[in-house]
Amino acid sequence: HAASREKGYDNKVRFKVADGMDNGFPDETFDVAWVMESSHLMADKRRLLRECYRVLKKGGTLILCDLISLMNMPFYREMIVYALRYKEFMRLLKAFGPGNVTRLGIYCDFCVEAGFREFTAFNITEHTTPTMMRWRDNAIRFRDNESGDFSREDVEDFIAGCETLDKFFRKGRFGYGMLRAIK
């Protein structure tokens, strides 16, 4: 809050922790709804996008940026991939928590269902692929710092998770997408 006061935003900026799928704000409150690298952690993406639509004013903009699945295959094939890559998926789970990475086109379908009248989607994987190894390199560089917030095991899990995520990016399994939708 000190930064808000310093910039003169004392009464204009508030931080609230809320469920993205049921945030408690009144209808048509915001000009912009920003979903930043969190939708993959929400179980019901339809509900998330309906909630964004609900709280946006008419003409408001949704911006969503997140991990996406790049593979389009039948469910049984997805399960085979999961079984073959079980250890790698468990690494991701341990490092980043439970997630459900969805294809960008599915997000677009859900935007239509939610009522958005226009949208644009971008696959920006090629621009974001280096990120995972930069995260890893920073974790390696600072892993011996005594912060007290993370155990050595947490840091090692994060490093391994970054390497796995990088591998999935480079093999075309995961990517990064951006979506802009107008109410």
Over the stretch 27-182, calculate the relative contact order: mean separation of alpha carbon pairs under 8 Å at least 6 apart, over the residue count, as a percent.
35
Inter-label distance for Phe89 and Ser151, nm, one decimal - labels placed 7 Å from Cα along Cα-to-Cβ
2.5
Return the calculated 222 nm mean residue ellipticity for the chain, to the nearest 500 deg cm²/dmol, obtained by summing -39500 (n - 2.57) across DSSP H runs with n ≥ 4 and dividing by the residue count.
-13500 deg cm²/dmol
Write down the percent of antiparallel bridges among all DSSP beta bridges whose residues are both part of the stretch 27-182, to the nearest 5.
70
Using 7 Å Cα-to-Cβ label points, what is the Arg141/Ser4 separation (nm, one decimal)?
3.1
Using Cβ contacts closer than 10 Å as the measure, can you line up Met71, Met132, Met90 from fewest to most?
Met90, Met71, Met132
Taking neighbour Cβ counts within 10 Å as the exposure measure, how do Lys16, Lys94 sort from fewest upward?
Lys16, Lys94
Springs between alpha-carbon atoms under 10 Å, Gaussian network over the chain: tell me which of Asn72, Asn145, Asn100 tops the mean-square fluctuations.
Asn145
Check cross-link reach from Lys16 to the lysines: straight Cα distance under 27 Å, and skip same-chain residues fewer than eight apart.
Lys7, Lys45, Lys57, Lys58, Lys94, Lys183
Residue order, fewest to most beta carbons within 10 Å, for Met133, Met36
Met36, Met133
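A short reminder: the numbers here are calculations on the coordinates, not readings from a lab. Just so you know, these numbers come straight off a predicted model, no measurement behind them. Glycine gets a Cβ as well: all are built from the backbone with ideal geometry, and neighbour counts include every protein chain shown.
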